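In what follows, a structure is listed as structure tokens, so that the remarks can point back to it.
The values are calculated or read from the model by the stated rules, or taken from the named source; none is laboratory data. Every value quoted in this text rests on a predicted model; they were computed, and no experiment measured them. Virtual Cβ from ideal backbone geometry, glycine too; neighbours counted across all protein chains shown. Heads up: the accessible areas ignore ligands, DNA and RNA and are worked out on the full protein's heavy atoms, side chains in. Shrake-Rupley method; radii C 1.70, N 1.55, O 1.52, S 1.80 Å.
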Amino acid sequence: MSATLPEQYREILIGLGENPDREGLLDTPERAAKAMQYLCHGYEQSVETIVNGALFASDSDEMVIVSDIELYSLCEHHLLPFIGKAHVAYIPTGKVLGLSKIARIVDMFARRLQIQENLTREIADAIQDITQAAGVAVVIEARHMCMMMRGVEKQNSTMNTSVMLGAFRESSTRMEFLQLIGRSKS
Ligand SMILES: [Zn+2]
């Protein structure tokens, strides 16, 4: 039988040269395991359960934008946090998604081990699949603790990623979106 997550955290403490039996660390393996499971709870969710039928008929074909969605994720290379904001837009073709659902879809994919590029793509593809939109745009800006706290220690750098599907590949639509989220370079 393989070791449980708390047992494995105890081994990590030993591996780091710590004494896992000192008072301050006694409950740490249990707590760290719980924290990590929380940070990765997106594995237990699916787009279907999150959306749960909150897809509504609508005649609107105007761009829907949800901006500044708080984002907390873990990089899959270092298991360190990256933190930032996601901006999501889509152009409906008869179906609109309940507003809170977009934030929950972002959260579901963020609460897994990720790289920012794949996270951006997974959010865009999921929203495209659900809504059959004429286009989907996702921009993520995030700061990576693995860059800020170690290695190059570039403390002020923000990484930006974007995925543009369908109508957002046209420059006028893309520009409108970027202007509306305040990210256009003029
Ligand atoms: Zn990293």
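Numbers for the structure displayed
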{"read-out": "Residues of the stretch 34-77 that turn out to be among the small types (Gly, Ala, Ser), outside any helix (DSSP H, G or I) and either within 16 Å of the ligand (Cβ to nearest atom) or surrounded by 11 or more Cβ atoms within 10 Å (Cβ to Cβ) (or both), as a count", "value": "6"}
{"read-out": "Test: residue in the stretch 172-185 that is outside any helix (DSSP H, G or I), within 16 Å of the ligand (Cβ to nearest atom) and open to solvent by 20 Å² or more (accessible area, probe 1.4 Å)", "value": "no"}
{"read-out": "Subset of the stretch 78-95 [away from the ligand (no atom under 16 Å from the Cβ), under 21 Å from Leu178 (Cα atoms) and either assigned to a strand (DSSP E or B) or under 15 Å from the mean Cα position of the chain (by Cα) (or both)]", "value": "Lys85, Ala86, His87, Val88, Ala89, Tyr90, Ile91"}
{"read-out": "Checking Gln155 against (1) at pLDDT 95 or above; (2) in contact with a helix residue (DSSP H, G or I) (Cβ under 7 Å, 6 or more places away or on another chain), the condition it does not meet", "value": "(1)"}
{"read-out": "Residue check, Thr161 within 16 Å of the ligand (Cβ to nearest atom) and not in a helix (DSSP H, G or I)", "value": "yes"}
{"read-out": "Per-region count, the stretch 96-108, residues among the hydrophobic types (A, V, I, L, M, F, W, C) and either open to solvent by 20 Å² or more (accessible area, probe 1.4 Å) or in a loop (DSSP other than H, G, I, E, B) (or both)", "value": "3"}
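Residues are listed down the side, and each one gets a yes or a no for (1) within 16 Å of the ligand (Cβ to nearest atom); (2) of a type outside the set (A, V, I, L, M, F, W, C); (3) closer than 20 Å to Val47 by Cα:
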position: Ile102; (1), (2), (3): no, no, yes
position: Ala110; (1), (2), (3): yes, no, yes
position: Gln114; (1), (2), (3): yes, yes, yes
position: Gln128; (1), (2), (3): no, yes, yes
position: Ala134; (1), (2), (3): no, no, yes
position: Cys146; (1), (2), (3): yes, no, no
position: Gly166; (1), (2), (3): no, yes, no
